[in-house]
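J.: The structure's right below; bear with me while I get my questions together.
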Amino acid sequence: MSPVNDDFILAVEGLTVSFDGFKAVNDLSFYLDPQEIRVIIGPNGAGKTTVLDLICGKTRATNGSIRFRGRELTRMKEHQIVRAGVGRKFQNPSIYEDLTVFENLEISYPSGRSVMGALSFRRDARVRDAVEEVAHTIFLADQLEQRAELLSHGQKQWLEIGMLLIQKPDLLMLDEPVAGMSVSERKKTAELLRVITRNHSVLVIEHDMQFVEDIADRVTVMHQGKVLSEGSLERVKSDPRVIEVYLGH
Amino acid sequence: MKKPSVIGLLASREAFYYLLLALLLAVVFPLVFDAFRLNLVGKYLTYAFVAIGLVLCWGYGGILSLGQGVFFGLGGYCMAMFLKLESSSPEATSNQSTPGIPDFMDWNQVTELPWFWQPFHSFSFTVIAVLAVPAILAFVIGVAMFKRRVGGVYFAIITQAIAAIVTILIIGQQGFTGGANGITDLRTLMGWDIRSNEAKLVLYYLCVALLFVCLLFARRILGSKLGRILVAMRDKEDRVRFSGYDVASFKVFVFCIAAMFAGIGGALFTLQVGFMSPSFVGIVPSIEMVIFCAVGGRLSLLGAVYGALLVNAAKTSFSESFPELWLYAMGALFIGVVLAFPNGLAGLYRRYLMPWERHLRRRPAQRSGVEGEQVVKEETA
């Protein structure tokens with residue numbers, strides 16, 4: 001464990017994944033500072049979502065390393081990575097449709113995660129307060145008893161963000177959090193994300209450049225599984241290679 | 001606050017259904033049926049244990065096992081081995097070439113009690129084995145499958161294959177297991193004749209009591225956060241992992257519980273019916289068990305009990321009059337349940353009778369009328 005890496009909350013080095021010979025992510029390296037908000041942009045098929053899949057353990061890396069606060073994630077299981085403090089929001093709202101909003105948040109609450117823990121889990125004041133607080137943040141305080149299935153698309157996205165928040169992760173990973181939202185929902189979501197990203201390290205995939213401009217500390221541009229350019233949005237925007245493969249279109 | 005009163009109402013309503021079932025099983029049936037019929041009901045109830053396990057494992061957890069007969073059989077065989085050893089005392093078997101071992105072993109030229117039969121001399125060991133043997137097998141299967149993320153249809157097929165394998169094993173190892181005939185001619189339980197009518201009545205009540213223990217235990221599981229995790233897993237297994245849960249361990253747990261319930265059912269079957277054979281272990285009985293659960297409603301614990309009772313009663317009366325038609329009727333029933341009423345009797349009840357009943361419950365004096373309605377509806381369904 002090199003001491004240099006531990007200054008970063010997340011250090012991705014030489015990350016490669018190959019699907020039947022096709023390298024979706026190819027020798028990728030980047031570093032994330034604590035409290036940093038990093039946006040990954042890039043054309044379709046650049047491997048952005050795959051990077052998040054690799055970090056959260058959904059996909060296994062062929063090569064390379066992912067260190068999160070000095071711990072190697074590539075050999076850990078999904079639930080262990082979550083427990084280590086990495087939270088992930090998926091591109092399509094991924095919530096438990098058969099459960100209520102309250103139950104969705106309660107399941108995400110970080111306690112009673114073993115079989116016996118779940119059996120003896122009690123819905124005490126601590127849990128109820130945490131659920132209500134998060135529900136308030138994600139604009140769903142009035143819908144706690146609603147079955148998640150019946151929420152609108154935007155509300156489902158918020159619920160999933162809420163499920164992430166209640167986990168209290170150190171690193172939030174969001175995959176296109178405003179995709180498919182109406183203009184007003186989008187505005188509200190941007191506001192929500194600005195609030196919740198304040199004291200977390202965040203890794204976001206997003207296409208909406210206005211939104212990127214609003215929140216990004218730094219931007220990583222991916223192309224064909226590699227980092228094409230990295231830096232402030234201004235710098236990246238003026239990079240001729242980025243203009244050619246992505247922004248130019 | 002409005003909430004507690006709603007919960008209170010739900011709790012009392014649920015308690016009412018449990019009470020109704022208890023009344024039916026513990027008072028009405030013993031009064032209405034003769035000893036023979038009551039013994040049949042007791043036999044049907046042993047399948048209700050399996051069906052309750054399937055509600056947990058299949059209805060809530062989304063794990064369809066087509067091999068519950070194996071666990072039912074293991075529980076049953078454990079009990080049968082104990083009873084067989086008791087009826088094979090050296091005095092009772094003095095005309096054998098090796099006295100003191102079960103008769104079928106003697107016929108198969110086995111001259112010594114096999115090692116795995118030895119501990120079944122002890123009743124307390126047997127009681128533990130009835131629970132532990134199915135649970136251990138379920139644990140091994142569960143860990144092997146679920147840690148590798150085998151699920152859905154593949155899991156169903158593998159459990160079915162296991163049911164076939166276990167049946168073949170039991171039939172093939174005739175000298176150790178009694179083969180296709182099974183373990184028969186069981187007479188006493190620690191000196192107590194289990195064939196008499198009084199004994200059968202006691203065993204029936206034991207069966208009802210244990211059924212309620214299992215029901216309440218299952219209800220406790222479903223009422224905890226674990227129950228909601230099961231639903232979440234059925235819904236979006238991947239998401240549960242990213243909520244920080246080890247999905248496999250929850251699946252293994254619920255599969256083991258279902259196996260233990262099935263084992264208890266099997267042991268009670270052996271006690272009430274007086275023998276155990278591979279015909280209750282294989283593929284067909286295992287699928288029948290799934291049908292009991294499906295007909296009753298795979299999301300309803302009580303529905304599973306009614307499902308087991310009704311389908312078995314139908315089976316008995318059908319096979320008495322048209323034995324060759326029963327399998328077709330069973331197949332049709334399964335298709336009907338899947339296509340027409342996927343939530344089984346419990347679903348039908350909730351949809352059509354609950355509004356009625358709510359109306360009647362406002363006048364408590366007419367409660368008995370509700371019971372009648374429910375029974376009629378279930379019999380016609």
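Each reported figure results from applying straightforward, stated rules to the coordinates on display, with no laboratory input. Everything quoted here is computed from the prediction, not taken from an experiment. Cβ atoms come from the backbone with ideal geometry, glycine included; neighbour counts cover every protein chain shown.
J.: Let's see if you can work this out: charge +1 on each Lys and Arg Cβ, -1 on each Asp and Glu Cβ, no other charges. What is the dipole magnitude of the protein assembly as shown about its Cα centre, in debye to the nearest 20?
T.: 980
J.: What list do you get for A:E176, A:E133, A:E97 if you sort them by fewest beta carbons within 10 Å?
T.: Details: A:E176 20, A:E133 14, A:E97 17.
Result, fewest neighbours first: A:E133, A:E97, A:E176.
J.: Taking amide H positions as placed in the peptide plane 1.01 Å from N, state which residues far from A:H223 in sequence (5 or more) or on other chains have amide H under 5 Å from it.
T.: The answer is A:L228.
J.: Using Stokes-Einstein with the Kirkwood hydrodynamic radius over Cα pairs, what translational diffusion coefficient do you get for chain A at 25 °C and a viscosity of 0.890 mPa s, in µm²/s rounded to a whole number?
T.: For these conditions, the coefficient is 130 µm²/s.
J.: Right, here's the next one. Rounded to the nearest whole Å³, what is the per residue volume of the convex hull around the Cα atoms of the range B:99-150?
T.: Each residue corresponds to 109 Å³ of Cα convex hull volume.
J.: Among B:T167, B:V247, B:Y154, which residue has its Cα positioned farthest towards the positive end of the charge dipole of chain B, with +1 placed on the Cβ of Lys and Arg, -1 on the Cβ of Asp and Glu, and the dipole taken about the Cα centre?
T.: Of B:T167, B:V247, B:Y154, it is B:V247.
J.: Report the gain in length on full extension from B:L169 to B:S196: 0.36 nm times residue separation, minus Cα-Cα distance, nm rounded to one decimal.
T.: Computed gain between B:L169 and B:S196 is 6.4 nm.
J.: Can you give the translational diffusion coefficient of the range A:95-166 in µm²/s, computed by Stokes-Einstein from the Kirkwood radius over Cα pairs at 10 °C and 1.306 mPa s?
T.: Once the numbers are plugged in, D ends up at 131 µm²/s.
J.: Between Rg and the Kirkwood Rh of the range A:9-117, both from Cα atoms, what is the Rg to Rh ratio? List each step's numbers first, then the result.
T.: Details: Rg = 15.6 Å, Rh = 15.5 Å.
Radius of gyration over Kirkwood radius for the range A:9-117 works out to 1.00.
J.: Which of the listed residues, B:G100, B:Y17, B:T177, is farthest toward the dipole's positive end in the protein assembly as shown, when Lys, Arg count +1 and Asp, Glu count -1 at the beta-carbon?
T.: Ranked along the dipole, the leading option is B:Y17.
J.: Could I ask something else about it? Could you pull out the pairs from A:K77/A:K226; A:K58/A:K156; A:K226/B:K225; A:K187/B:K251; B:K43/B:K147; B:K147/B:K225 whose alpha carbons sit more than 32 Å apart here?
T.: On the way: A:K77/A:K226 25 Å; A:K58/A:K156 22 Å; A:K226/B:K225 43 Å; A:K187/B:K251 41 Å; B:K43/B:K147 36 Å; B:K147/B:K225 22 Å.
Going by Cα-Cα distance, A:K226/B:K225; A:K187/B:K251; B:K43/B:K147 fall outside the 32 Å limit.
J.: Rounding to the nearest 10 and keeping the result within 0 to 90°, find how far the Cα-based axis of helix A:183-196 lies from the longest principal axis of chain A.
T.: Helix A:183-196 sits at roughly 90 degrees to that axis.
J.: For the range A:95-166, with only Lys/Arg (+1) and Asp/Glu (-1) charged at the beta-carbon, what is the dipole magnitude about the Cα centre, in debye rounded to 20? Walk me through the intermediate numbers first.
T.: Details: 7 positive and 12 negative charges, 52 e Å.
With Lys and Arg at +1 and Asp and Glu at -1, about 240 debye.
J.: Report Rg (one decimal) and Dmax (nearest whole number) for the protein assembly as shown, counting Cα atoms only, units Å.
T.: Cα radius of gyration and Dmax of the protein assembly as shown are 29.9, 101 Å respectively.
J.: Quick check of the Kirkwood formula: for the range B:76-120, what is the inverse mean of 1/r over all pairs of different Cα atoms, in Å? Please list the in-between numbers first.
T.: Numbers: mean 1/r = 0.0953 Å⁻¹.
This gives a value of 10.5 Å.
J.: Also, quick follow-up: Order by neighbour count: B:Y245, B:Y349, fewest other Cβ atoms within 10 Å first, most last.
T.: B:Y349, B:Y245
J.: Right, next: Computed on alpha carbon atoms, what radius of gyration and Dmax characterise chain B, expressed in Å?
T.: So, for chain B, Rg and Dmax equal 21.7, 78 Å respectively.
J.: Calculate the dipole size of chain B relative to its Cα centre from +1 charges on Lys and Arg beta carbons and -1 charges on Asp and Glu beta carbons; express the result in debye to the nearest 20.
T.: Rounded to the nearest 20 debye, it is 2220 debye.
J.: For the protein assembly as shown, what proportion of DSSP beta bridges, expressed in % and rounded to the nearest 5, is antiparallel?
T.: In the protein assembly as shown, DSSP labels about 60 percent of beta bridges as antiparallel.
J.: Peptides B:329-340, B:97-108: what's the order by average Cβ count within 10 Å, highest mean first?
T.: B:97-108, B:329-340
J.: How far is helix B:247-273 tilted off the main Cα axis of chain B, in degrees rounded to 10, range 0 to 90?
T.: 60
J.: Could you run the Karplus curve 6.51 cos²θ - 1.76 cosθ + 1.60 with θ = phi - 60° over the range B:92-107 and give me ³J(HN,Hα) per residue in whole Hz, x for Gly and Pro?
T.: In residue order, the calculated couplings are 5, 10, 5, 7, 7, 6, 10, x, x, 10, x, 4, 5, 5, 4, 4 Hz.
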